[in-house]
Amino acid sequence: FPEALRKFDQVLDIMPDDVDTLAYKAAIAQAEGDLPRAAALLASLRPNADHTSALETQAYQAILERRPAQIISRLKEILAKPDPALGYHNGGLRFWLGWAQDVAGDHGAAQESWRQARSELESFLKEQPENYNLIGDLALTNMGLGDKAAALALSKRGIAALPIEKDAANGAGPIETLARVAAQTGEPDRAIAALQQLLSIPGTGALEKYMPLTPALLRLDPMFDPLRNDPRFRKLVGSSAAK
């Protein structure tokens, strides 16, 4: 990450309040497990829906901290008047809203958010059948709704749409989606295998599109809670081989 941070600092020298650059720096801090530093970078930001990555980084921060109340309010505010120009990203933000609500313990609200997200995302999938980001969002949404078969099928579809053999950098994202779905749907062997592969290769992530999944994030991310007692997972989390 040091080289990326240097480049981001160069941008901030020119544009000190650039929302996306500050959010990228925060995402690096998250990937390194430094939530206080990430929080400090994100504190002054109030991204709108058109800064989707920054908004998702804020949502992920709240989820990693397991204090999602504020981001729930913000996402509800934004999604009350969704911008049609953002296309499927509105459905993606609804997935995040559902996840934040689920972490907050409001499971009924989470299910409603995910149902709406699924409806929105499915309508775009007809037009963009090879969009691996859209497929990934839909896989995770179905996972949240408890539709294991659909979530796993979409995870495999995402990997087929962007095989790592063809795109070593971005191909890691769909594998991460599979790991998340498998972890949440009672498939620990499949989840561990995917995570072992992910931590052995460079690449971008599924949730934060420019950040890889790291051992530090595995320690913090509630989506991997079902694996915490698995010795294979503990070994991965103890790994210092962050990419």
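The values are calculated or read from the model by the stated rules, or taken from the named source; none is laboratory data. Note that the structure is predicted; figures quoted are calculated from it, not measured. Cβ atoms come from the backbone with ideal geometry, glycine included; neighbour counts cover every protein chain shown.
Descriptive notes on the structure:
- Where a residue in the stretch 43-55 is under 10 Å from ILE78 (Cβ atoms) and its partner, wherever it lies, is at pLDDT below 90 and among the hydrophobic types (A, V, I, L, M, F, W, C), with Cβ under 6 Å and at least six apart: PRO47/VAL19
- Taken over the stretch 86-97, the residue count meeting the criterion of being crowded, with 24+ Cβ neighbours inside 10 Å and over 20 Å from ALA62 (Cβ atoms) is 0.
- Here GLU3 fits the description: modelled with pLDDT under 90 and among the charged types (D, E, K, R).
- Contact map, the stretch 194-206: residues that are within 12 Å of VAL237 (Cα to Cα) paired with residues that are part of a loop (DSSP other than H, G, I, E, B) and not acidic (Asp, Glu), Cβ distance under 9 Å, separation 6+ or inter-chain. Pairs shown: LEU195/LEU213; LEU199/PRO212; LEU199/LEU213; LEU199/THR214; LEU199/SER239; LEU199/ALA241; LEU199/ALA242; LEU199/LYS243.
- The stretch 111-138 residues that are under 12 Å from PRO174 (Cβ atoms), paired with ones that are of a type in the set (Ser, Thr, Tyr) and assigned to a loop (DSSP other than H, G, I, E, B) (beta carbon under 6 Å, 6 or more apart): LEU134/TYR88
- Residues of the stretch 98-143 satisfying the condition of being touching an Asp or Glu at 6+ places or on another chain (Cβ under 7 Å) and either at pLDDT below 95 or surrounded by fewer than 24 Cβ atoms within 10 Å (Cβ to Cβ) (or both): ALA110
- Selection status of LEU35, within 13 Å of the chain's Cα centre (by Cα), in contact (Cβ under 8 Å) with a residue 12 or more places away in the chain and farther than 22 Å from LYS7 by Cβ: no
- Summed over the stretch 148-194, residues that are buried (at least 17 other Cβ atoms within 10 Å of the Cβ), at pLDDT 95 or above and over 20 Å from PHE224 (Cβ atoms) total 2.
- Every residue from the stretch 195-217 that is modelled with pLDDT of 90 or more and either within 12 Å of the chain's Cα centre (by Cα) or not aliphatic (A, V, I, L, M) (or both): GLN196, GLN197, SER200, LEU213, THR214, PRO215, LEU217
- Wholly enclosed helices (runs of 4 or more DSSP H) of the stretch 19-72 bearing at least 3 residues within 21 Å of ASN133 (Cα to Cα) and in contact with a helix residue (DSSP H, G or I) (Cβ under 6 Å, 6 or more places away or on another chain): 19-31, 52-65
- From the list ALA27, ALA31, ALA49, ALA43, the lone residue that is closer than 20 Å to LEU93 by Cα, at pLDDT 90 or above, surrounded by 15 or more Cβ atoms within 10 Å (Cβ to Cβ) and of a type in the set (A, V, I, L, M) is ALA27.
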